[in-house]
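The structure under discussion appears below in the form of structure tokens.
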Amino acid sequence: MKSVIALTMLLIGFIVEAQTMSLMDAKTFLIDEAKGVDESGVPACRTSQDLAFLRFVAEDWKRALTLLENDAPDLRRQHLIVAATGFLSPQDYVRFLSGACDLMELGKLKMPGWAFCFGSRGKDGFLGYNYDQPEVATLISRMEAIYKVQEPRVMDEYFSSVKSGEAKKLTIRDCTNYGIPMPDTYTDNSKGAYQHLLKEQKRVLAEETNRTKGKVKPEPTPRERKIVRMVDEDGSVRITEVDVPPEDKPIENKAIPWKWLLIGGTLVVSGAVVVWQNVEKRKKARK
């Protein structure tokens, strides 16, 4: 029984590992210029490869920092990494931002304030919502000091709103009015975003597997449509489009056209007449 359990755990571990991404794969993924963050701030998540990268970041904030320091020389890659940190747990997210502050203070990293401070839609409003937590308050002060030097006055209003608690009030109001979940709390350290990522990856992997095996039904062929005049009960006439029923579609006539039959029949009769005439000539010649 123990051996069966051990084998099962080994297989599960193999499957999980197969769905993750190595550091080298993550670097290669970042090189692809087609990979990035859309206009709404959401990272690419259409394929299992996209989700494997998000999972790579979500499972270890230190690996995300390694990528940010060594493999993200432009804003596209930097923003993609920061956006992917939205799947980190709250405390790991704070650790990641603190590590990024270390890099900026050492001159090893430079990012626009908007991309660094709220470039992750998954953690939208998180800093303002948790401003009164000591660890988060320390992080906010470090970020403010960095951007007072790097982008003077550009981020002042943002940090003032966060540190005064006004940003938290606005977040609570907007979430309540629009019926959306509140940001994660730092003390609860929720892993809900990561669990959602795993479910989404499982779903996409299943779709890709089925597509490879040909189990996904092809998209239906659009029906042919035609414009017709319709008369309503009140006698009014309107123009509209309707689907062409299969019986209304022209059917290819595979029968032999009558002209060809006529020509063929004529040739056969003519040939028979020629043969008959030749036979008669031979009979006369013998006499």
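The values are calculated or read from the model by the stated rules, or taken from the named source; none is laboratory data. Please read all numbers here as calculations on a predicted model, not as lab measurements. All Cβ positions, even for glycine, are placed from backbone atoms using ideal geometry, and neighbour counts span all protein chains on display.
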Give the stretch 175-196 a look and list any residue that's of a type in the set (D, E) and surrounded by 12 or more Cβ atoms within 10 Å (Cβ to Cβ), or say none. D184
So M182 ticks every box in (1) among the aliphatic types (A, V, I, L, M); (2) in a helix (DSSP H, G or I); (3) under 32 Å from the mean Cα position of the chain (by Cα) but one. Which box is left unticked? (2)
Condition test on V57, is it in contact with a helix residue (DSSP H, G or I) (Cβ under 7 Å, 6 or more places away or on another chain), crowded, with 16+ Cβ neighbours inside 10 Å and at negative phi? yes
Has the stretch 98-105 got at least one residue that is touching a residue at least 12 places away in the same chain (Cβ under 8 Å), over 27 Å from the mean Cα position of the chain (by Cα) and part of a loop (DSSP other than H, G, I, E, B)? no
Quick check: is even one residue across the stretch 73-85 within 15 Å of A193 (Cα to Cα) and touching a residue at least 60 places away in the same chain (Cβ under 8 Å)? no
Would it be correct to say that D25 is farther than 23 Å from T138 by Cα and surrounded by fewer than 17 Cβ atoms within 10 Å (Cβ to Cβ)? yes
Which condition does L109 not pass, out of (1) closer than 15 Å to Y186 by Cβ; (2) part of a loop (DSSP other than H, G, I, E, B), if it passes all the others? (1)
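Yes/no per residue for (1) under 26 Å from P134 (Cβ atoms); (2) out of contact with any helix residue (DSSP H, G or I) (no Cβ under 7 Å at 6 or more places or on another chain); (3) buried (at least 20 other Cβ atoms within 10 Å of the Cβ):
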residue: A64; (1), (2), (3): yes, no, yes
residue: P73; (1), (2), (3): no, yes, no
residue: H79; (1), (2), (3): no, no, yes
residue: Q91; (1), (2), (3): yes, yes, no
residue: R95; (1), (2), (3): yes, no, no
residue: L106; (1), (2), (3): yes, yes, no
Can you name every residue in the stretch 50-69 that is without any contact (Cβ under 8 Å) to a residue 24 or more places away in the chain and over 15 Å from F96 (Cα atoms)? D50
Being assigned to a loop (DSSP other than H, G, I, E, B), under 15 Å from L127 (Cβ atoms), out of contact with any Leu (no Cβ under 8 Å at 6 or more places or on another chain) and modelled with pLDDT of 95 or more: is that true of Y158 here? no
Looking only at the stretch 140-171, filter to residues that are of a type in the set (A, V, I, L, M) and without any contact (Cβ under 8 Å) to a residue 24 or more places away in the chain; which one of those is surrounded by the fewest Cβ atoms within 10 Å (Cβ to Cβ)? V149
